[in-house]
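To start, the structure under review is shown below, and the notes come after it.
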Amino acid sequence: MALPAATESKDVILEVSNLSKYYPVNQGFFTRQKSLLHAVDNVSFQVNRGEVLGLVGESGCGKTTTGRLIVRLATPTSGRILIEDTDVAEIKGQDMMEFRQKVQMIFQDPYESLDPRMTIFDIVAEPLNVNGIGTFEEREAQVEEMLSLVGLAPPSAFLFRFPHELSGGQRQRVAIARALVVRPSFVVADEPTSMLDVSIRTGIMKLMAQLREDLGISYLYITHDLAVARYLCDRIAVMYLGKIVELGNSEDIVKRPLHPYTKALISAVPVPDPAIDRPLPNIKGGVSKPIDPKPRCRFYDRCPESADSCAEAENPELRDIGGGHLVACHLL
Amino acid sequence: MNELVPTHETGPASLAEPIWKIRWKLTRRSLRQNWEIFKESRIGMLGIILIIAFGIFGAMWPIMINTVWDPMVYDPVVGFDPMMMHPSPPSGTHLLGTDPIGRDILAQLMHSTGREFLLGVLSALITVVIGTAVGTAAAYYGGLIDTFFMRIADIILLFPFIPLLVVVGAMVKLSFLPFAIIMGVLGGFGGITIILKAQALSVSVRPYIDAARVAGGSNFHIIVSHIIPNVLPLSFLYMMFSVTSAILSEATLSFFGVLNIDMSWGMMIHTADVAGYLFDFARYWWLWAPAGLAITLFCAAFYMVGRGLDEVVNPRLRKR
Ligand SMILES: Nc1ncnc2c1ncn2[C@@H]1O[C@H](COP(=O)(O)OP(=O)(O)OP(=O)(O)O)[C@@H](O)[C@H]1O
Ligand code: SF4
Ligand SMILES: [Mg+2]
C-alpha cells in the first residue's frame, strides 16, 4: 500500500515548524502558581502533496491538538504552519473562506461530530451552504455524489435521516463525505476509526485509502494504532508527550524502529509478520501529563535503554540518521 | 481545485418532492415522536387536560354573554343584579354567587380566563426569546458580554421586585399590556438566562460546533444553526414555568390592588378583601375560593406540562 516517500520532492503542501501549544493549568485549588501543559512542544514536520503522513502516539500525547492547530481551531503558542505556502496564522476575511475549503478535518468521534438536529443532507451540504457554493440543485447533486462515493448508497435512503438513525460506521462515512464535499486538498483525519467497532474499522480504512487515490488528497492521519498507520500512511511520525521522537518511511518505522519508545510501541502491536524481530516490551510506568516538563528527554522516566547521561542532557533533537529517517535520542 | 463536478453517472439528482415538503414532513414526524414520549407522562397529560378545560371555559365567555346572560346583570365589571342582596351565595341564577357589589362570580371567572392566558403566554414568550438570545450570546462570546448579563441576572434574581412593584404601583398603576411586557423582560434577563446560558455553554463545546467552524461557518451561522436549535427545547420547557410565575405575580399584585386591571382572578380576591369579607372567609367562601382555585389549577397545569416536557427534553429522565 505504502508508496515510496516523496521526501526529495519539493512539492510540500503542509509545513509545520517549531509548533508549540501550551495550555495553562491550575495545580490544585489553593495554589495561585500557573503551570503550563506542553500539549505540543516544538514540533516540525512536512507533508508532501498526495502523501499520507501518520501521526502516531498514545492517548494524550498531543495528536488532536496538533490537528486542531493545523485547521486553526486553536492558535499556537509559538511556531508556524504553512499550507500551500500560506501562513495559517495570517489568514483573514475572504481568504479564510478559501482556507476552509482547502483544509478540512475529520473528527475522532462520529457520535459527537454531527449535529443531532440536522439531517444527513443538511450536514453534508453545510460546507457548501456556508461558503455559498452552487445552487440548491447543484449542492444536492454534490451531496448525493459524495454520499455514494463514501459508500452510502443509494443516497436517497440516507439524505433525510438523522444521525441517531445511523450506525457508527455510517456516521463516520457521513463525516467523511462532509469533509470531502468541498474537495479539499489537505485533510486532517483524527482517528476516524478509533471510536468504531473493530468489525467496521477496516471498511472505513479502505474507504480512506480509496478516496485518497480517487481525489488525490493529502492527509495527516492521526491514530494510536501503528498497524493502521502502516496500512494507510507513506510516512509515520511517532509522538510522545508533545514531541515527535521518530519520523520516517512507514516500513522503516515498523520494521526497523530506532527510538526506544517506538520499539516499545511496535512490540505492543500484533504485527502479522513473523520476520519482524520484536524485543520484549519493557516500558516502566504509565504516561503522565507533560506539565512543566523537565528539559531532559521526555521519555527518560520510562525508557528501558536510558543511560545516566540522559538524565543530565538536554532534550534530544530530532536528527536525520540517513534516508529521511529522523530520531530524537542521545544514544543514536 | 474547486471545480464543482456536476458529472453524475447516476443521472441528474432530483428529490422526489420539493425540499420544503420534505422538511415539513420531518417536522411533523418529530413532533409526533415527541408527543408519543410526552403521552407517557401522566402529570404532563393531566396538565394538558387542565389547560384544555380552561381553554373551553374561557371560550364559553363570549358565547354566554351574547346568548344566555343579560349583560346588564352579568357584565364582570359593571353588571348588577337588582333582584337580591349582595354578596349572595350560589343560587340558580348565580351558580357561584355574587360579589359584594352584585356582580356574578362565574361570569368574572370566565371573563378573566382568556386574559390570564394572554398574560401568561405573552410574558412567557418574551421571557424565552430574551433568555435564549442573551443566554446564547453570553455563552458563545463569554468575556465582558457574559459578565454584564450575568450581573444583571443576579440583580434581578436577588432584588425583591414584587414588593417594589407593590410600592411603586401605589403611585403608577400598570395596566395589562405593560405589566405583561415588564414581567416578560424581567423574567428574560433573570434566572432563565443563567439556565439557558449553561445549556448553550454545554452545546458550544460539542465537537459538531468545531466541525461547523471547520466547514467555514461564521459565528452567526454557528449560533443560529447549531447552538440555538439545541437550546430551544430547554427554552420551551422553561416557557411553561414562566407562564406560572407571570400568573402568580399578576395575582399577587392584583390582590394588593396595585395594577390597573379592571378584572382578573387576583382582582376578584382583592374585591372581597377590601370589602372586609375575608375576615369571615369560611362563611363567604364563594368570594375567594373559585378565584383561588382557578389561579392554583391554572399555574399547576402549566407546571405539569413543563414536567411532562422535561421527559421529552431530557431523555435521561425517561423511565425506559
Ligand atoms: N483545551 C485544553 N485545555 C487544557 N489542556 C488540554 C486542552 N486540550 C488538550 N489538552 C491536554 O493536552 C494534552 C494533549 O491532548 P490531545 O487531545 O492533543 O491528545 P491526543 O493525542 O489527541 O489523545 P487521544 O488519543 O486521547 O485523543 C492532554 O494532556 C490534554 O489533557
Ligand atoms: S535520550 Fe536517553 S532517555 Fe531518551 S529515549 Fe534516548 S535513551 Fe531513552
Ligand atoms: Mg485525540
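When each of A:Ile200, A:Ile204 is tested for being more than 10 Å from chain B (Cβ to nearest Cβ), in contact with a Lys or Arg (Cβ under 8 Å, 6 or more places away or on another chain) and modelled with pLDDT under 90, the lone residue that passes is A:Ile204. Just wondering, is there one or more residues in the range B:25-32 that are open to solvent by less than 50 Å² (accessible area, probe 1.4 Å) and touching a residue at least 12 places away in the same chain (Cβ under 8 Å)? Scanning the range B:25-32 turns up no residue that is open to solvent by less than 50 Å² (accessible area, probe 1.4 Å) and touching a residue at least 12 places away in the same chain (Cβ under 8 Å). The set of residues in the range B:262-275 being open to solvent by less than 10 Å² (accessible area, probe 1.4 Å), of a type in the set (A, V, I, L, M, F, W, C) and in a loop (DSSP other than H, G, I, E, B) consists of B:Met263 alone.
Scanning the range A:301-323 for residues that are crowded, with 18+ Cβ neighbours inside 10 Å and of a type outside the set (A, V, I, L, M) turns up A:Arg302, A:Cys303, A:Ser306, A:Cys310, A:Asn315, A:Pro316. Per the listing B:Ile48, B:Ile52, B:Ile65, the residue uniquely part of a helix (DSSP H, G or I), more than 28 Å from B:Asp280 (Cα to Cα) and either in contact with a strand residue (DSSP E or B) (Cβ under 8 Å, 6 or more places away or on another chain) or free of Cβ contacts under 8 Å to residues at least 12 places away in the same chain (or both) is B:Ile52. What about A:Ala74, is it open to solvent by less than 30 Å² (accessible area, probe 1.4 Å), in contact with a strand residue (DSSP E or B) (Cβ under 8 Å, 6 or more places away or on another chain), within 21 Å of A:Phe107 (Cβ to Cβ) and in a strand (DSSP E or B)? It is false that A:Ala74 is open to solvent by less than 30 Å² (accessible area, probe 1.4 Å), in contact with a strand residue (DSSP E or B) (Cβ under 8 Å, 6 or more places away or on another chain), within 21 Å of A:Phe107 (Cβ to Cβ) and in a strand (DSSP E or B). For the range B:276-314, the tally of residues that are of a type in the set (S, T, N, Q) and outside any loop (DSSP other than H, G, I, E, B) stands at 1.
Can you name every one of the helices (runs of 4 or more DSSP H) wholly within the range B:134-193 that holds 3 or more residues which are in contact (Cβ under 8 Å) with a residue 60 or more places away in the chain?
Helices (runs of 4 or more DSSP H) meeting the threshold: B:161-169, B:176-189.
The residues listed here are A:Val228, A:Val245; of these, the one that is part of a helix (DSSP H, G or I) and touching a strand residue (DSSP E or B) at 6+ places or on another chain (Cβ under 9 Å) is A:Val228.
Within the range B:194-244, the residues that satisfy the criterion of being within 30 Å of B:Ile162 (Cα to Cα) and either within 11 Å of chain A (Cβ to nearest Cβ) or not in a helix (DSSP H, G or I) (or both) are B:Val231, B:Leu232, B:Pro233.
For the range A:106-128, the candidate set comprises residues that are part of a helix (DSSP H, G or I) and among the aliphatic types (A, V, I, L, M); within that set, the residue that is farthest from the other protein chains (Cβ to nearest Cβ) is A:Ile120.
Quick grid of which residues meet (1) within 12 Å of ligand 3 (Cβ to nearest atom); (2) touching a residue at least 24 places away in the same chain (Cβ under 8 Å); (3) open to solvent by 10 Å² or more (accessible area, probe 1.4 Å); (4) over 14 Å from the mean Cα position of the chain (by Cα):
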{"site": "A:Val52", "(1), (2), (3), (4)": "no, yes, no, no"}
{"site": "A:Ser78", "(1), (2), (3), (4)": "no, yes, yes, yes"}
{"site": "A:Ile83", "(1), (2), (3), (4)": "no, yes, no, yes"}
{"site": "A:Ala89", "(1), (2), (3), (4)": "no, no, yes, yes"}
{"site": "A:Gly93", "(1), (2), (3), (4)": "no, no, yes, yes"}
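How many residues, within the range A:129-152, are more than 9 Å from chain B (Cβ to nearest Cβ), hydrophobic (A, V, I, L, M, F, W, C) and open to solvent by 30 Å² or more (accessible area, probe 1.4 Å)? Total meeting the criteria: 1.
Of all residues in the range A:173-225, those satisfying the criterion of being of a type in the set (S, T, N, Q) and either part of a loop (DSSP other than H, G, I, E, B) or open to solvent by 20 Å² or more (accessible area, probe 1.4 Å) (or both) are A:Ser185, A:Thr193, A:Ser194, A:Ser199, A:Thr202, A:Gln210. Within the range A:38-71, the residues that satisfy the criterion of being within 16 Å of ligand 2 (Cβ to nearest atom) and either part of a helix (DSSP H, G or I) or within 15 Å of A:Val16 (Cα to Cα) (or both) are A:Asp41, A:Asn42. Selection of the range B:245-258 for residues being assigned to a loop (DSSP other than H, G, I, E, B) and open to solvent by 20 Å² or more (accessible area, probe 1.4 Å) yields only B:Phe256. For the range A:54-76, give me each residue that is within 16 Å of ligand 3 (Cβ to nearest atom) and among the hydroxyl-bearing types (Ser, Thr, Tyr). Correct list: A:Ser59, A:Thr64, A:Thr65, A:Thr66.
The values are calculated or read from the model by the stated rules, or taken from the named source; none is laboratory data. Treat the numbers as computed from the prediction; the structure is a model and nothing was measured. Note that each Cβ is placed from the backbone with ideal geometry, even for glycine, and that neighbours are counted across all protein chains shown. With ligands, DNA and RNA removed, areas are computed over all heavy atoms of the protein, side chains included. Shrake-Rupley method; radii C 1.70, N 1.55, O 1.52, S 1.80 Å.
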